[in-house]
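Please read the structure below before turning to the comments.
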Amino acid sequence: MTKLTETQTIILSTGAQRPYNMALPLPKGLAGAAAKMAVNRMIALGWLQEVDANIRRGEPLWRETGDGHGTTLVVTDSGLLAIGIEPVEAQKTTPIHNGVVEMPVPKPPTRRAGTKQALLIKMLQAPTGATMEEIISATGWQAHSARGAMSGALGKKLGLVVTSAKEADRGRVYRIGQPAH
C-alpha cells in the first residue's frame with residue numbers, strides 16, 4: 001500500500017467532506033506544476049478521477065476542454081479507502097428535463113470494522129479516552145492526520161462529537177461524546 005503524503009491526505013480528507021466528494025479547490029499554496037504533479041500522481045494511483053464539471057452548479061474546473069466545458073476532480077472509492085473511510089453506494093442517477101442528469105444522493109456513511117478509523121473510535125469511546133500520543137502509537141498516523149480524522153471523518157461524516165479535556169496526569173485526553181444533531 002502506498003503511504004500518503006501530507007498533501008495527498010489533505011486533498012483526500014477535504015474532498016471526502018465535500019458534496020459529491022469534490023476534490024477542488026485544492027489546498028491554498030498548491031498551484032501550477034506542483035498541483036499538476038500531485039493530481040496526476042493521485043489519478044495514477046486511482047485516488048482521484050477527472051469527471052465532467054457541471055458549470056450550472058458552479059463546480060470548480062480542473063481544466064478546460066473547450067466550448068465552455070471542463071473537468072473537475074472527485075475522490076474515488078479507492079481514495080476514500082486510502083484515508084480509512086468506507087465508500088457508500090450512491091443511488092442511481094435520475095434523468096431530468098433537457099438531458100441534464102441529477103447527481104446521486106449518497107447513503108449515510110457506514111463504519112467498517114478492522115480499520116484505523118474503527119480503532120480510533122474504540123479508543124475514544126473507552127472510559128479513559130485516548131491521548132494524542134496513544135492515538136499516534138496505535139494508528140501509526142501523524143498528529144495532523146489523527147486530528148483531521150477526528151474532525152472530518154468522525155465529526156463531519158459520522159456525526160460523532162469528539163471532546164478533549166486536559167488532565168493533570170495524562171495531558172490532553174480525547175473522548176467521543178454524544179452525537180451531533
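The values are calculated or read from the model by the stated rules, or taken from the named source; none is laboratory data. Keep in mind that this is a model prediction, so the values were computed, not measured. Here Cβ is always computed from backbone atoms with ideal geometry, including for glycine, and neighbour counts include all displayed protein chains.
Observations on the model:
- The set of residues in the range 1-19 that are over 10 Å from the mean Cα position of the chain (by Cα) and surrounded by 14 or more Cβ atoms within 10 Å (Cβ to Cβ) comprises 4, 7, 8.
- Contact map, the range 142-162: first residue within 17 Å of residue 81 (Cα to Cα) and crowded, with 18+ Cβ neighbours inside 10 Å, second residue of a type in the set (Asp, Glu) and modelled with pLDDT of 80 or more, Cβ cut-off under 9 Å, separation 6 or more or different chains; pairs are 145/6.
- Residues satisfying the stated conditions in the range 76-107, i.e. surrounded by fewer than 17 Cβ atoms within 10 Å (Cβ to Cβ), of a type in the set (D, E, K, R) and modelled with pLDDT under 85: 89, 92, 102, 107
- The combined condition, being closer than 21 Å to residue 47 by Cβ and at pLDDT below 65, is fulfilled by residue 110.
- Answer residue from the range 20-40, given it is assigned to a helix (DSSP H, G or I) and free of Cβ contacts under 8 Å to residues at least 24 places away in the same chain and is surrounded by the most Cβ atoms within 10 Å (Cβ to Cβ) among those: 35
- The range 140-153, residues that are over 10 Å from the mean Cα position of the chain (by Cα) and more than 16 Å from residue 173 (Cα to Cα): 140, 141, 142, 145
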